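Input: a single structure, listed below in structure tokens.
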Amino acid sequence: MNDQDEMRENQLLAALPSESIARLLPYMETVALPPGEILYDFDEPLRHIYFLNRNTVVSILCTTDDRTDVEVGLCGNEGVAGLLGLLGTETSVQQNLVQVPGTATRLDMDKARIEFALGGRFQELILKFLHALFIQVSQTALCNRIHAEQERLGRWLLLSHDRIETNQMPLPPEFLAKLLGRTRSQAVLTAATLQQAGLVRYDGAELTVTDREGLESVACSCYWVAKRQLAKVLQPSKQ
């Protein structure tokens, strides 16, 4: 697979016209994203955007003054990490952390801003994804407020599972705690509850989905809301 074939794994890049790709290609590079890598930490300069490829998931985390970090959203090959830089933000207000390792196409932020300012298809696709991400983050806020830990973990696992082609995903206890906004022991206990129900296997480092249909019955309705809205927002434009 050459670099341009790999680029097309990202749904946004795959939808760009050839003239946009030709302008951007000299400033793009394929990069490996290992598990746990922080693409952007809080208050770091936004120098690139990352178009994620298949089987790659990046988590978006917010923090408090005492550095309690909690996940508020995630992104796979339907989108891009670092996109707030296109809207004029110079430094990251979130942490972007690689949850499921893979690859991405990295694009220089200055060149991305120039292409975005031209309008056209590139701007349209970025704004569509921003809309979809806003819906997901908003639904996550509601979910974190009203649903139980098992339901919220089920939602997150399904959203992640939709973006990868395997049943296994890295899930160390420290990230599981950030995901649920609980202590490590409380978070591991939540995963153990799903394991006892026969829905997953969890060894403290990697989680395997063993019963997708059963997990769907446990997850809260927020999963379906986010899934429907993502499909609606990112559907191809009518010509």
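The values are calculated or read from the model by the stated rules, or taken from the named source; none is laboratory data. Bear in mind the structure is a predicted one, so any value in this text is a computation, not a measurement. All Cβ positions, glycine included, derive from the backbone under ideal geometry; neighbour counts span all protein chains shown.
For this structure, a couple of remarks:
- No other residue among Asp5, Asp43, Asp66 is modelled with pLDDT under 95, out of contact with any helix residue (DSSP H, G or I) (no Cβ under 7 Å at 6 or more places or on another chain), of a type in the set (D, E, K, R) and closer than 23 Å to Leu234 by Cα apart from Asp5.
- In the range 202-235, the qualifying residues are those that are in contact with a Pro (Cβ under 7 Å, 6 or more places away or on another chain) and not charged (D, E, K, R), and the one that is surrounded by the most Cβ atoms within 10 Å (Cβ to Cβ) is Gly204.
- Note on the range 88-108: residues that are closer than 21 Å to Leu24 by Cβ, within 19 Å of the chain's Cα centre (by Cα) and of a type outside the set (Val, Ile, Thr) amount to 5.
- Candidates in the range 140-152 are the residues that are touching a strand residue (DSSP E or B) at 6+ places or on another chain (Cβ under 9 Å) and surrounded by 15 or more Cβ atoms within 10 Å (Cβ to Cβ); of these, the one that is modelled with the lowest pLDDT is Asn144.
- Residue match in the range 66-81 (condition: over 21 Å from Pro173 (Cα atoms) and among the hydrophobic types (A, V, I, L, M, F, W, C)): yes
- Positions within the range 31-53 being assigned to a strand (DSSP E or B) and either within 13 Å of Ala112 (Cβ to Cβ) or more than 18 Å from the chain's Cα centre (by Cα) (or both), in sequence order: Pro45, His48, Ile49, Tyr50, Phe51
- Boolean, Val58 is in a strand (DSSP E or B), buried (at least 22 other Cβ atoms within 10 Å of the Cβ), touching a residue at least 12 places away in the same chain (Cβ under 8 Å) and not basic (Lys, Arg): yes
- Those residues of the range 186-239 which are of a type in the set (D, E, K, R) and at pLDDT 90 or above, in sequence order: Arg201, Asp203, Glu206, Asp211, Arg212, Glu213, Glu216
- Contacts under 8 angstrom Cβ, first residue in the range 14-35 being within 23 Å of Gly76 (Cβ to Cβ), partner of a type in the set (S, T, N, Q) and at pLDDT below 95, 6 or more apart: Ile21/Gln4; Leu25/Gln4; Pro35/Gln99
- Scan of the range 136-156 for residues that are out of contact with any Lys or Arg (no Cβ under 9 Å at 6 or more places or on another chain) and among the hydrophobic types (A, V, I, L, M, F, W, C), ordered by number: Val137, Ala141, Leu142, Ile146, Ala148, Leu153, Trp156
- Checked against the criterion of being surrounded by fewer than 18 Cβ atoms within 10 Å (Cβ to Cβ), part of a helix (DSSP H, G or I) and not assigned by TED's automatic domain parsing to the domain that holds Ala81, the candidates Leu130, Leu158, Leu194 yield just one match: Leu130.
- Of everything in the range 109-127 that is over 21 Å from the mean Cα position of the chain (by Cα) and touching a residue at least 40 places away in the same chain (Cβ under 8 Å), the residue that is surrounded by the fewest Cβ atoms within 10 Å (Cβ to Cβ) is Gly120.
- Filter pass, Gly88 being buried (at least 20 other Cβ atoms within 10 Å of the Cβ) and at pLDDT below 95: no
- Just one of the numbered conditions (1) surrounded by fewer than 18 Cβ atoms within 10 Å (Cβ to Cβ); (2) without any contact (Cβ under 8 Å) to a residue 40 or more places away in the chain is not true of Pro101: (2).
- Tally of residues being polar (S, T, N, Q) and exposed (fewer than 14 other Cβ atoms within 10 Å of the Cβ) across the range 35-55: 0
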